[in-house]
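Structure first, commentary second.
Read the figures in this text as sums done on the coordinates, not as results from a lab. Not measured: the values here are computed from a predicted model. Note that we place each Cβ from the backbone using ideal geometry, even for glycine, and neighbour counts take in every protein chain shown.
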Amino acid sequence: MAKAVPDAPGDDAGQHYDATPYLPARGGLPALRRAASACRGCPLFRDATQTVFGRGPARARLMLVGEQPGDREDVQGEPFVGPAGQLLRRALDEAGLDGEEAYLTNVVKHFKFTPAPRGKRRIHQAPSLREMTACRPWLARELRLVAPEVLVVLGATAGKALLGPSFRVGEQRGVLLPMPALDGEEPGTAAAGQLLATVHPSAVLRADDREAAFAGLVADLSVAATVLE
Ligand code: SF4
């Protein structure tokens, strides 16, 4: 039974943020995607256009996880379709990986933003730890169903969600790590496979030296490519 979520912002005090009650008891990715479209596990669904669930082959050998959908993704309902996603596909290609064969998703499935002071622009806001924790059961189930050989974690926020608050992308990027256990579903259940962290493609777009940042992303992804040869 789904938990009630208060209607008005500010009514959240004491609310237990958790997507778990919305997860289907059984079924594959299509059932999971349908269920996620109705998730009210935290207040982020209220202002976003729609749930942006993962996309890609159900048995992909490579899975990539970012922070949350952006403005374009929110409108189109697909992950990584904006400028950062286009850059990511170019980087995958240069690393010898096929973006069409990868499963792409985010730690948080709704776009969190604040309206720009003027105009209609929506400014990205980082999800809180509470929102990331609430949303994690979706990712845990995706990870279990897809069971990739390599999970590439894009950026600090996704890294912290999967590896804990001490994660530093600058220190741990480009190195193959064991897959962590994800709470939120089957406690203590670690998926098989390996994890590799790198920067988020949006950080490459923001970098002063974009060329060097892009080369760094490609170098990290090339490590993942060696596992999938
Ligand atoms: S962000 Fe995640 S937990 Fe929150 S409403 Fe959306 S799908 Fe549910």
So how do V153, V175 line up by other beta-carbon neighbours within 10 Å, fewest first? V175, V153
Name the residues whose placed amide hydrogens come within less than 5 Å of the amide hydrogen of K112, ignoring near sequence neighbours (fewer than 5 apart) on the same chain. Q125
How long is the gain from R46 to Q15 if the chain were fully straight, where each residue apart is worth 0.36 nm and the alpha carbon distance is subtracted? 9.7 nm
Interchain or long-range residues, amide H under 5 Å from R46's placed H: none
Using DSSP to define loop residues, name the trypsin sites (Lys or Arg not before Pro) in segment 123-229 whose beta-carbon has at most 14 other beta-carbon atoms within 10 Å. R168
What is the magnitude of the charge dipole of segment 129-180 about its Cα centre, with +1 placed on the Cβ of each Lys and Arg, -1 on the Cβ of each Asp and Glu, and no other charges, expressed in debye to the nearest 20? 140
Toy charge model, Lys and Arg Cβ at +1, Asp and Glu Cβ at -1: segment 70-109 dipole around Cα centroid in debye, rounded to 20, equals 140
Farthest toward positive dipole pole in the chain [+1 Lys/Arg, -1 Asp/Glu at C-beta], among I123, T49, A102: T49
Dipole magnitude (debye, nearest 20) for the chain, charges at Cβ of Lys, Arg, Asp, Glu: 600
Mean projected area (nm²) from the convex hull of Cα positions in segment 20-227 is 11.1
